[in-house]
1. Name the residues in region 116-135 that are in a loop (DSSP other than H, G, I, E, B) and either surrounded by fewer than 14 Cβ atoms within 10 Å (Cβ to Cβ) or modelled with pLDDT of 95 or more (or both), would you?
2. Looking at this structure, is residue 112 at pLDDT 85 or above, surrounded by 13 or more Cβ atoms within 10 Å (Cβ to Cβ), in a helix (DSSP H, G or I) and in contact with a helix residue (DSSP H, G or I) (Cβ under 9 Å, 6 or more places away or on another chain)?
3. Report, by residue number, each residue of region 64-93 that is over 23 Å from residue 127 (Cα atoms) and either surrounded by 11 or more Cβ atoms within 10 Å (Cβ to Cβ) or touching a residue at least 24 places away in the same chain (Cβ under 8 Å) (or both).
4. Any residue in region 89-101 that is part of a helix (DSSP H, G or I) and within 30 Å of residue 17 (Cα to Cα)?
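The values are calculated or read from the model by the stated rules, or taken from the named source; none is laboratory data. Please read all numbers here as calculations on a predicted model, not as lab measurements. Cβ sites come from the backbone with ideal geometry, for glycine too, and all protein chains shown count toward neighbours.
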């Protein structure tokens with residue numbers, strides 16, 4: 001499987017190529033200016049990417065609030081709730097509820113269990129009496 005090249009990696013390759021050209025005797029002011037511009041561009045890109053990764057987007061902030069509401073909703077049940085029940089309770093779409101529950105299950109904030117008639121139920125880990133560590 002081919003790994004996609006990032007812009008930062010492409011800039012590194014270009015800087016190395018220009019340095020190689022300079023090393024083989026094609027040393028002129030334009031080459032040095034090209035390296036300076038490519039290096040500055042790489043630094044801008046790195047700075048932008050670093051700034052982006054630290055600040056959640058509006059949607060991420062909204063989803064965090066909905067996840068908190070899902071958690072609160074699940075604190076009131078020991079049997080668990082279906083995704084549709086949670087979605088109706090919170091007034092969100094089933095698709096959004098399903099996506100957020102999947103994220104929460106993945107990180108262990110919520111447990112997914114099969115109930116009667118193969119219905120999937122969601123509950124908090126501390127309310128899950130089928131856990132092996134419960135005596």
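1. Initially, region 116-135 is screened for residues in a loop (DSSP other than H, G, I, E, B), giving 119, 124, 128-135.
Selection gives 119, 129, 130, 131, 132, 133, 134, 135.
2. On the way: at pLDDT 85 or above: yes; surrounded by 13 or more Cβ atoms within 10 Å (Cβ to Cβ): yes; in a helix (DSSP H, G or I): no; in contact with a helix residue (DSSP H, G or I) (Cβ under 9 Å, 6 or more places away or on another chain): yes.
No.
3. Taking region 64-93 and keeping what is over 23 Å from residue 127 (Cα atoms), we get 91-93.
Once the filter is applied, which keeps residues that are over 23 Å from residue 127 (Cα atoms) and either surrounded by 11 or more Cβ atoms within 10 Å (Cβ to Cβ) or touching a residue at least 24 places away in the same chain (Cβ under 8 Å) (or both), region 64-93 yields only 92.
4. Taking region 89-101 as the starting set, the residues that turn out to be part of a helix (DSSP H, G or I) are 89-90, 94-101.
Now narrow it down to the ones that are within 30 Å of residue 17 (Cα to Cα): none.
Looking for residues that are part of a helix (DSSP H, G or I) and within 30 Å of residue 17 (Cα to Cα), one finds none in region 89-101, hence no.
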